[in-house]
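Only one structure is covered here, and it is reproduced in the block below.
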Amino acid sequence: MMKGLVAGLAILALPFLTQAQPSPELYERIEAAIDAAVNQTSGEIDYTQFVNPFIGTSNWGNVCPGASIPFGYVANPNEWIRGLSPLHDSGTGSSLGTYGNFEIMPLLCPYGFTTCATTLQAHAAPGYFSLTLDNNIKMEATPTRRAGLERFTFPPQLRSYFVLDLSNDLPGSFAGGELNIDPERGRITISGRYGSSFGPGRYSYQAFACYDVLDNGRQKMEEYGVWTGDTVGLDAKGPNMRRVNLTLNLIGGIYQSGALFSLSPPDRANNTLNIRVGISFRSVEQACANAEEEVGSASFEEIRDRARLLWLDKLKRVEIDLANTSKNVTQMLYSSMYRSFLTPNNATGESQAEFRDTPHPYFDSLYCSWDTYRTAFPFMGLHSPEDYAQIVDTYLDGWRKHGWMPECRANNLPGWTQGGSSADNIVGHFAVSYHNEAAALGIDLEELYAAMVADAELNPPEWNTLGRQVDVYKRYGYVPFSVLDTASTGRQTREGSRTLEYAFEDFAVRQVAQLLGKTADVETYTNRSMGSNVNGFYESSSWEYSWFVPHDTAQLVTLMGGNSTFLRRLDHFFEAGYYQAGNEPSFQTPIGYHYANRPAQSVDRVREVVFQNFNHTDSGLPGNDDQAAMATLLLFHLLGFYPVPGSTQYLQLSPFVPQYTIHNPYLGVSTNVTVVNFDPESIQEVIPEGASAYVESVTVNGEPSPRCYFDFYDTFRKGGEIVITLTANKTEVDDCQGSLPDSLSTGGFSTVRR
């Protein structure tokens, strides 16, 4: 579950804080690692060396660069530093969005506990985080799933102090808790209740931490006590006191409290101290047990290497031609792949309430399904069906317990819905991709379909957090503005976008109905997914959502007056600045040219989108990463194809790399993609005249394949060789050779691939 150690943000009111930035040496180190890998003649390449965890930590990317393992909880030094926290999400809607609990901050206190200014030189790699403060205290962190080690190196001979926080999380939602110090065992335990990060304010969750500070007897606790403080003058300390027990401060304001202690290292000249932390959503006893089980007496280096190996297993599932790929592209690709494994968080064994004793996997931070169904899960489906199946089982378990699948669960709590029941798209995509293996992966397809039908047919009494406003949608064929609904409650907004999202969710239901041979249901959900194209939304839609009909873009072309009008409007959309790369409904829009028989223009737009919105620096995202939605969008662009969610069809583009291989260990297949006539000069925002960039032909295992799309079952499921031949002659290849991508209204998506 827990990714590891959040360089969180909340201890004392520190007045002179500065922002964390990646060190200049980081970029040099990554480039040197790429050079070394190119010249490596034996052994396994360490793909973790190519990851820059700081991409997206500024420019509102809200990426957390702290130590993590795949599907854990992260550390976040991207904000003003208040300490290291063992709980964090990455790439959610706000850097203050969630967690940041149980922060610990090292201090030098020559005059007692005064405030300390911090400036940073920060370093990070998968499974490791390091930060040096301007007082020359170095903080390091490395994680396991539910625990981790923190290492602090103080200037020689100086006494080391630590502040440990009970009451502050990033959103400031503390609703009461307790801290206990056991100086004899060197153990500090914390329990607290905190508010939802993206859901109703009346919800709260519990979290627990266990800090062991004696490093298996190698360190001593010299001083200890508790403290309380606020922002209007309270600053009280209790030496030798062992307990703080606080309830919710009903009048509001910032109220802080925690533990204060100093440690003696084995060697004051070296002055390095290790602190072990375990976390849990169940109890302090479980938090301590997690630390003992997952870390035990292992050294910092041992835990760090275990984390590195976990990351290597994930990152090596995509291998590229390092020698002939731009180093910036290499860095962006592997950094994006790294972020694609940061969420959701595997909290199996840590679930609360009705999920506490579930026999099924439990993932938290499904944050939100509306963000991740378009690219994050289709990318996972290319190489990691076992992980995908466990997350699908989590969605189904939400239906088993609540009657609807979760949409935006975070902090073990229901979060706000954004488009409706986007889980339908996620489980539907899994079903069409892996129905042959579903049973072996622990998924009952009939049960999966029953969960989708519940989303599609059952109107929850309150649809802000679960399900859809289905009854109104079925009555009108769309969601009208200001409609009388006497049977259910929800915020009357987003009628246009909810209509289109509901329709696409119906397409996902239709796909699984077709897979299972439910003929009547296929007709029902085909009609529902198509009806919204002409009723109630299009003429009054926003610009971005006006393109969102991924399952029936051909009908959209017709409604706009045909190819020429569609193309003029699409060009205007980009030229007038309406396109926003950071908004998920626009993800597929740059490739809309395919549906008007102009695939070369899609290649031009994707180049433009990548160079205008992404790079390898800390500001390298066009906004919030949205739990790797942006990361996986970029991955698809760099690899040269794009998914139609809920289907097995991918739209063919032009890769940014000359060769790559995608490995699917579960299926035991590898798919090698070779780009003939790859021209490095084409990897620019505007493709120069004469540069080879446009798809002339595609073959799959020696057989001709359509120019504009391909199928998962012919390629990445089967393995083998894909050859993409490029040309500089844009005009000659700017058509789909009579084979446009599928749309429902033209009879597409009519075949179940087995």
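The values are calculated or read from the model by the stated rules, or taken from the named source; none is laboratory data. None of the values given here were measured: they were computed from a predicted structure. Neighbour counts run over all protein chains shown; Cβ positions are idealised from the backbone, glycine included. For the accessible areas, the whole protein counts, side chains as well, though only heavy atoms, and no ligand, DNA or RNA atoms are used. Shrake-Rupley method; radii C 1.70, N 1.55, O 1.52, S 1.80 Å.
Give the stretch 426-469 a look and list any residue that's within 26 Å of the chain's Cα centre (by Cα), small (Gly, Ala, Ser) and more than 23 Å from residue 524 (Cα to Cα), or say none.
Within the stretch 426-469, 438, 442 qualify.
Starting from the stretch 37-58, keep only residues that are farther than 15 Å from residue 327 by Cα, then list their pairs with residues that are surrounded by 17 or more Cβ atoms within 10 Å (Cβ to Cβ) and among the basic types (Lys, Arg) whose Cβ atoms are within a distance under 7 Å, requiring at least 6 positions of separation or different chains.
Nothing qualifies.
Could you say which residue among 386, 462 is under 25 Å from residue 649 (Cβ atoms), open to solvent by 10 Å² or more (accessible area, probe 1.4 Å) and of a type in the set (D, E, K, R)?
Exactly one of 386, 462 is under 25 Å from residue 649 (Cβ atoms), open to solvent by 10 Å² or more (accessible area, probe 1.4 Å) and of a type in the set (D, E, K, R), namely 386.
Do any helices (runs of 4 or more DSSP H) lying entirely in the stretch 358-454 carry at least 3 residues that are modelled with pLDDT of 95 or more and charged (D, E, K, R), and which ones are they?
385-402
For the stretch 270-297, how many residues meet the condition of being closer than 24 Å to residue 358 by Cβ, outside any helix (DSSP H, G or I), open to solvent by less than 10 Å² (accessible area, probe 1.4 Å) and out of contact with any helix residue (DSSP H, G or I) (no Cβ under 8 Å at 6 or more places or on another chain)?
So the answer is 1.
Taking residue 230 as meeting all but one of (1) without any contact (Cβ under 8 Å) to a residue 40 or more places away in the chain; (2) charged (D, E, K, R); (3) crowded, with 18+ Cβ neighbours inside 10 Å, write down the number of the exception.
Among (1) without any contact (Cβ under 8 Å) to a residue 40 or more places away in the chain; (2) charged (D, E, K, R); (3) crowded, with 18+ Cβ neighbours inside 10 Å, the lone unmet condition for residue 230 is (3).
Which condition from (1) closer than 30 Å to residue 27 by Cβ; (2) open to solvent by 10 Å² or more (accessible area, probe 1.4 Å); (3) touching a helix residue (DSSP H, G or I) at 6+ places or on another chain (Cβ under 6 Å) is the one that residue 613 breaks?
(3)
Can you tell me how many residues in the stretch 574-592 are surrounded by fewer than 20 Cβ atoms within 10 Å (Cβ to Cβ) and in a helix (DSSP H, G or I)?
The total comes to 2.
Condition first: under 20 Å from residue 249 (Cβ atoms) and among the basic types (Lys, Arg). Now tell me which residues in the stretch 176-191 satisfy that.
none
On the phi < 0 side of the Ramachandran plot and open to solvent by less than 10 Å² (accessible area, probe 1.4 Å): is that true of residue 342 in this structure?
It is true that residue 342 is on the phi < 0 side of the Ramachandran plot and open to solvent by less than 10 Å² (accessible area, probe 1.4 Å).
Of all residues in the stretch 354-380 being in contact with a strand residue (DSSP E or B) (Cβ under 8 Å, 6 or more places away or on another chain) and open to solvent by 10 Å² or more (accessible area, probe 1.4 Å), which is farthest from residue 464 (Cα to Cα)?
Taking the candidates together, the pick is 361.
Would you be able to say whether some residue in the stretch 645-653 is open to solvent by less than 10 Å² (accessible area, probe 1.4 Å), among the β-branched types (Val, Ile, Thr) and in contact (Cβ under 8 Å) with a residue 24 or more places away in the chain?
No, the stretch 645-653 has no match at all.
Within the stretch 184-230, track down each residue that is part of a strand (DSSP E or B), under 21 Å from residue 364 (Cα atoms) and of a type in the set (Phe, Trp, Tyr).
If the condition is that a residue be part of a strand (DSSP E or B), under 21 Å from residue 364 (Cα atoms) and of a type in the set (Phe, Trp, Tyr), then 194, 205, 208 are the ones that fit.
Filter the stretch 703-742 down to residues that are open to solvent by 50 Å² or more (accessible area, probe 1.4 Å) and either in contact with a Lys or Arg (Cβ under 9 Å, 6 or more places away or on another chain) or farther than 21 Å from residue 657 by Cα (or both), then give me how many there are.
Summing the residues that are open to solvent by 50 Å² or more (accessible area, probe 1.4 Å) and either in contact with a Lys or Arg (Cβ under 9 Å, 6 or more places away or on another chain) or farther than 21 Å from residue 657 by Cα (or both) in the stretch 703-742 gives 9.
Counting only residues that are open to solvent by 20 Å² or more (accessible area, probe 1.4 Å) and either in a helix (DSSP H, G or I) or of a type outside the set (S, T, N, Q) (or both), how many does the stretch 318-331 have?
Number of matching residues: 5.
Inspect all residues belonging to the stretch 631-643 and state whether any of them is open to solvent by 10 Å² or more (accessible area, probe 1.4 Å) and of a type in the set (S, T, N, Q).
There is no residue in the stretch 631-643 that is open to solvent by 10 Å² or more (accessible area, probe 1.4 Å) and of a type in the set (S, T, N, Q).
Tally the residues that are in a loop (DSSP other than H, G, I, E, B), among the basic types (Lys, Arg) and either in contact with a strand residue (DSSP E or B) (Cβ under 7 Å, 6 or more places away or on another chain) or open to solvent by 30 Å² or more (accessible area, probe 1.4 Å) (or both), restricting the search to the stretch 465-499.
Adding up the residues that qualify gives 2.
May I ask you to verify whether residue 601 is of a type in the set (S, T, N, Q), buried (at least 21 other Cβ atoms within 10 Å of the Cβ) and under 17 Å from the mean Cα position of the chain (by Cα)?
Answer is no for this residue.
Just one of (1) within 34 Å of the chain's Cα centre (by Cα); (2) open to solvent by 70 Å² or more (accessible area, probe 1.4 Å) trips up residue 242, so point out which.
So residue 242 meets the others, but not (1).
Given the residues 677, 664, which is the only one that is open to solvent by 20 Å² or more (accessible area, probe 1.4 Å) and touching a residue at least 24 places away in the same chain (Cβ under 8 Å)?
Just one listed residue meets the conditions, 677.
Out of curiosity, is residue 181 under 26 Å from residue 236 (Cα atoms), touching a helix residue (DSSP H, G or I) at 6+ places or on another chain (Cβ under 9 Å) and assigned to a strand (DSSP E or B)?
no
One line per residue, one yes/no per condition, for (1) under 24 Å from the mean Cα position of the chain (by Cα); (2) modelled with pLDDT under 90; (3) closer than 28 Å to residue 241 by Cβ; (4) surrounded by fewer than 24 Cβ atoms within 10 Å (Cβ to Cβ):
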| site | (1), (2), (3), (4) |
| --- | --- |
| 153 | no, no, no, yes |
| 163 | no, yes, yes, yes |
| 173 | yes, yes, yes, yes |
| 183 | no, no, yes, yes |
| 186 | no, no, yes, yes |
| 191 | no, no, yes, yes |
| 195 | yes, yes, yes, yes |
| 199 | yes, yes, no, yes |
| 203 | yes, yes, no, yes |
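Look at residue 453 and say whether it is open to solvent by less than 10 Å² (accessible area, probe 1.4 Å) and either in contact with a helix residue (DSSP H, G or I) (Cβ under 8 Å, 6 or more places away or on another chain) or of a type in the set (S, T, N, Q) (or both).
Considered against the rule, which asks whether it is open to solvent by less than 10 Å² (accessible area, probe 1.4 Å) and either in contact with a helix residue (DSSP H, G or I) (Cβ under 8 Å, 6 or more places away or on another chain) or of a type in the set (S, T, N, Q) (or both), residue 453 comes out as no.
Pairs needed: first member in the stretch 127-146, of a type in the set (Lys, Arg); second member anywhere, open to solvent by less than 10 Å² (accessible area, probe 1.4 Å) and in a loop (DSSP other than H, G, I, E, B); C-beta distance under 8 Å; at least 6 residues apart or different chains.
145/1; 145/2; 145/72; 146/1; 146/2; 146/350
Go through (1) under 22 Å from residue 611 (Cβ atoms); (2) open to solvent by 40 Å² or more (accessible area, probe 1.4 Å); (3) in contact with a Ser or Thr (Cβ under 8 Å, 6 or more places away or on another chain) and name the single condition residue 685 misses.
(3)
Please go through the stretch 132-141 and pick out each residue that is hydrophobic (A, V, I, L, M, F, W, C) and at pLDDT 80 or above.
137, 139, 141
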